[in-house]
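Engineer: I have a structure here, written as structure tokens, and I will follow up with some questions on it.
Each reported figure results from applying straightforward, stated rules to the coordinates on display, with no laboratory input. From a predicted model like this one, the values you see are computed outputs, not experimental measurements. Cβ sites come from the backbone with ideal geometry, for glycine too, and all protein chains shown count toward neighbours.
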Amino acid sequence: MLEFPIKVTNTDLPGELVAIPLLCDWIEASVLFQKSRELGDAELVDVLMDEDVCDVQADAWTIKADAWNELRRRQRGMTSGTYPFFIPAARLKRRADWSEVPAYSFCLMLSLSVLYKKWAATFGSDYTVQGELFELLTEQSLKASLATWEIHRTGWSGSQTRHLAEIVKNVAARVKEPVGNIARWTRPKAKEAGLDILCYRPYHDDRGSLPVFLMQCSSGRDFEDKLQTPDLKVWGRIVEFTSNPRRAFATPRSFSEHDFSMHANTVDGLFLDRYRLLAASLHNPRWMSNDLKQRIVRWLRPRVKALPWE
């Protein structure tokens, strides 16, 4: 199994010995990315005792029960057969090789950067490709989930860059609203002003006042710093929306019920975690393109090999 990360024990809630979502990421990664296909509850209890997470075995068994409940919640968030694990009473078993479930493997791997900062740092500090792949995954998920909506990436990436003025004009034209004063309300070096994906529901007329979400896709550890981006005040100036747009946010992370509610409240709009993104399979089992699958597998392969195993 993977080295047990001390970050799992970092929790702000009184009385909690571990952060269950992080513990479950470690459990899933230990099973999905290694040759052994399963992890049992007794093995987990032994790890919790050996790593001095718990002083008494009863606490370790309580944590194990909480972890298995969280894993079952994750399973329920996906369609039958798409969660890459079986969960019998006492074990977590892998359903498929990681390369056969690239969307799940990718989101889980991105989340591991929280647990293993040194491992993540070995791949450098340029997150352009990582960010582009996550945007593409989010775009394709939204197209499956919101079939009557238009989903449009703004186009800022390492492989395709566009000036902010062009992006703003494109957004304004799509939502049928006039362009505002870009120079006055943005900085000269602004890229996409925090906007990664535009989501809107079109009608067959030339009027504005459309349902609009302006989305930020955050694939890194610093997602909390971006929860209030894009800045709706700025976008309300550079595009003269008739009706105010809403913010949307996508992250590959998984959260406790408390943290999900807190982050969603900060976003004050549409909040997509790992399981909302991957629930696209509810609408279209083949929602991800083969090209994106292949690109993600290529990105994952060296990272899987370099994971810190015990």
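Engineer: Going Cα to Cα from Lys305, which lysines come in below 18 Å? Please leave out same-chain ones fewer than 8 positions away.
Structural biologist: Within the straight-line limit of under 18 Å, Lys305 reaches these lysines: Lys35, Lys117, Lys118.
Engineer: Now for a different question. What's the percent breakdown of Cα-Cα distances in region 128-300 across 10 Å bins, shortest bin first?
Structural biologist: 10, 38, 37, 14, 1
Engineer: With N set to the number of residues, divide the alpha-carbon radius of gyration of the chain by 2.2 N^0.38 Å and report two decimals. Each step should come with its number before you reach the end.
Structural biologist: Details: Rg = 20.9 Å, N = 310, 2.2 N^0.38 = 19.5 Å.
Its radius of gyration relative to the 2.2 N^0.38 Å reference: 1.07.
Engineer: Please state the relative contact order of the chain as a whole percent: Cα pairs under 8 Å, 6+ residues apart?
Structural biologist: Details: 449 pairs, mean separation 60.9, N = 310.
This gives 20 percent for the chain.
Engineer: Please give the calculated 222 nm ellipticity per residue for the chain, where each DSSP H segment of at least 4 residues contributes -39500 (n - 2.57) and the sum is spread over every residue; nearest 500 deg cm²/dmol?
Structural biologist: Taken over the chain, the calculation gives -13000 deg cm²/dmol.
Engineer: If you project the alpha carbons of region 6-96 onto their three principal axes, what span does each projection cover, largest first, in Å?
Structural biologist: In descending order, the Cα extents are 37, 25, 22 Å.
Engineer: Using 0.36 nm times the number of residues separating Asp225 and Arg184, minus their current alpha carbon distance, what extension gain do you get? Walk me through the numbers on the way to the answer.
Structural biologist: Numbers: separation 41, 0.36 × 41 = 14.76 nm, distance 2.45 nm.
The Asp225-Arg184 span can extend by a further 12.3 nm.
Engineer: Moving on. For region 6-150, what's the relative contact order in percent, using C-alpha pairs closer than 8 Å and at least 6 residues apart? Walk me through the numbers on the way to the answer.
Structural biologist: Numbers: 111 pairs, mean separation 34.2, N = 145.
About 24 percent, as a whole number.
Engineer: If you take every DSSP beta bridge whose two residues both sit in the chain, what share of them, in percent to the nearest 5, is antiparallel? Don't skip to the answer; put the middle values down first.
Structural biologist: Values: 15 of 23 bridges.
Here the antiparallel bridges make up roughly 65 percent for the chain.
Engineer: Could you tell me which of Pro84, Leu115, Ala144 has its Cα farthest along the dipole of the chain towards the positive end, charges placed at Cβ (Lys, Arg +1; Asp, Glu -1), taken about the Cα centre?
Structural biologist: Result: Ala144, furthest along the dipole toward the positive end.
Engineer: A follow-up question, please. Go through region 197-282 and name the trypsin sites (Lys or Arg not before Pro) that are in a DSSP coil and have 11 or fewer other Cβ atoms within 10 Å of their Cβ. Before the final figure, lay out each step's value.
Structural biologist: Details: sites: Arg207, Arg221, Lys226, Lys233, Arg237, Arg246, Arg247, Arg253, Arg274, Arg276; in loops: Arg207, Arg221, Arg253.
When the trypsin sites (Lys or Arg not before Pro) of region 197-282 are filtered for loop state and at most 11 Cβ neighbours within 10 Å, Arg207 remain.
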